[in-house]
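J.: First the structure, which I've put down as structure tokens, then a few questions once you've had a look.
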Amino acid sequence: MFDDNFPKGFGNRRGNRVELRVMGVSYSQIQSGAYALILAEVGGPMRLPVVVGGMEAQSIAIKLEGITPPRPMTHDLFVSLMQAYNFQLVDAFIYKFEDGIFSSELTFIDSAGKEVQLDARTSDAIAIAMRCNVPIFTTREIINETGFTMESAMDAADADRADDADRADGADKNDSPDTHNRNALIKKLKSLRDALAKAIADEAYEEASRLTREIKDMEARIASMPEDNNTDNNG
């Protein structure tokens, strides 16, 4: 929608960034009246679900489907205002995830080349970015913390099921309390991975994101605990 006469390099000014594309919008299976906006890593396997409200979901879906409403929506009006005052949008950047909430900013430049950054709700930032045909970014840290891949979740669940019998056969009645605790966590980790695989199969991407974070925390706890030395001694 805008020309490319803004200074070169603005779009790459933050190095540790991952570009995203809007994959779709689905009804939230966790939060009543809300929707899940699914963002996909460009050139990668990661998926990032973001909870959005009904009005924002409608605005994003209309743009996805290429529908022109009879009267401009709020995001259309915002873009028209930008054009009227000769502001150009550079990108949208999801820069923080904290307490279950994504924080975003929009970067603009004016005709004099001055850069302006405004905080925005992530749903608004994405809806506006889509209308301006500019890229959407996040950080690798946010992708790693909140994102998931369908393949890795399915593979992990299959591996847990295959190893479940081996864990039961290797149980030792003389295990220490630490070993018992570790084995209990491993069993819970298996259940979480099974739940993650099911959430992905059901396209419940918000739940999949929550389970992914819980699995990562569980894996870190298990890694910090002593392993069963009896298993090593038995060859």
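The values are calculated or read from the model by the stated rules, or taken from the named source; none is laboratory data. As the structure is a computational prediction, the values presented were derived from the model and not from experiment. Cβ coordinates were reconstructed from backbone atoms using ideal geometry, including for glycine residues, and neighbour counts include every protein chain displayed.
J.: I need the full set of residues from region 59-82 which are more than 27 Å from T149 (Cβ to Cβ), assigned to a helix (DSSP H, G or I) and either among the small types (G, A, S) or without any contact (Cβ under 8 Å) to a residue 12 or more places away in the chain (or both), in order please.
T.: Those that are more than 27 Å from T149 (Cβ to Cβ), assigned to a helix (DSSP H, G or I) and either among the small types (G, A, S) or without any contact (Cβ under 8 Å) to a residue 12 or more places away in the chain (or both): S59, I62, L77, S80, L81.
Residue by residue, here is whether (1) farther than 17 Å from V134 by Cα; (2) surrounded by 16 or more Cβ atoms within 10 Å (Cβ to Cβ); (3) among the small types (G, A, S) holds:
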{"residue": "V42", "(1), (2), (3)": "no, no, no"}
{"residue": "R47", "(1), (2), (3)": "yes, yes, no"}
{"residue": "V50", "(1), (2), (3)": "yes, yes, no"}
{"residue": "G54", "(1), (2), (3)": "yes, no, yes"}
{"residue": "I60", "(1), (2), (3)": "no, yes, no"}
{"residue": "K63", "(1), (2), (3)": "no, yes, no"}
{"residue": "M82", "(1), (2), (3)": "no, yes, no"}
{"residue": "Q88", "(1), (2), (3)": "no, yes, no"}
{"residue": "T107", "(1), (2), (3)": "no, yes, no"}
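J.: If you go through region 36-47 one residue at a time, do you hit one that is within 22 Å of R121 (Cα to Cα), modelled with pLDDT under 90 and not hydrophobic (A, V, I, L, M, F, W, C)?
T.: No, region 36-47 contains no residue that is within 22 Å of R121 (Cα to Cα), modelled with pLDDT under 90 and not hydrophobic (A, V, I, L, M, F, W, C).
J.: Being at pLDDT below 65, in a helix (DSSP H, G or I) and under 19 Å from F102 (Cβ atoms) is the requirement here; does E214 meet it?
T.: No: the conditions fail for E214.
J.: Also, I was wondering about something else. What number goes with the only condition from (1) hydrophobic (A, V, I, L, M, F, W, C); (2) surrounded by 14 or more Cβ atoms within 10 Å (Cβ to Cβ); (3) over 16 Å from A127 (Cβ atoms); (4) modelled with pLDDT of 90 or more that F6 does not pass?
T.: (4)
J.: If you don't mind, there's one more thing I want to ask. Looking at (1) at pLDDT below 90; (2) in a strand (DSSP E or B), which is the only condition S104 fails?
T.: Every condition holds for S104 apart from (1).
J.: Where residues in region 132-146 are not in a helix (DSSP H, G or I) and not hydrophobic (A, V, I, L, M, F, W, C), which of them is surrounded by the fewest Cβ atoms within 10 Å (Cβ to Cβ)?
T.: N133
J.: Scan region 158-167 and give yes if some residue there is in contact with an Asp or Glu (Cβ under 8 Å, 6 or more places away or on another chain) and at pLDDT 80 or above, otherwise no.
T.: The first filter runs over region 158-167 and keeps only residues in contact with an Asp or Glu (Cβ under 8 Å, 6 or more places away or on another chain), leaving 160-161.
Now narrow it down to the ones that are at pLDDT 80 or above: none.
Looking for residues that are in contact with an Asp or Glu (Cβ under 8 Å, 6 or more places away or on another chain) and at pLDDT 80 or above, one finds none in region 158-167, hence no.
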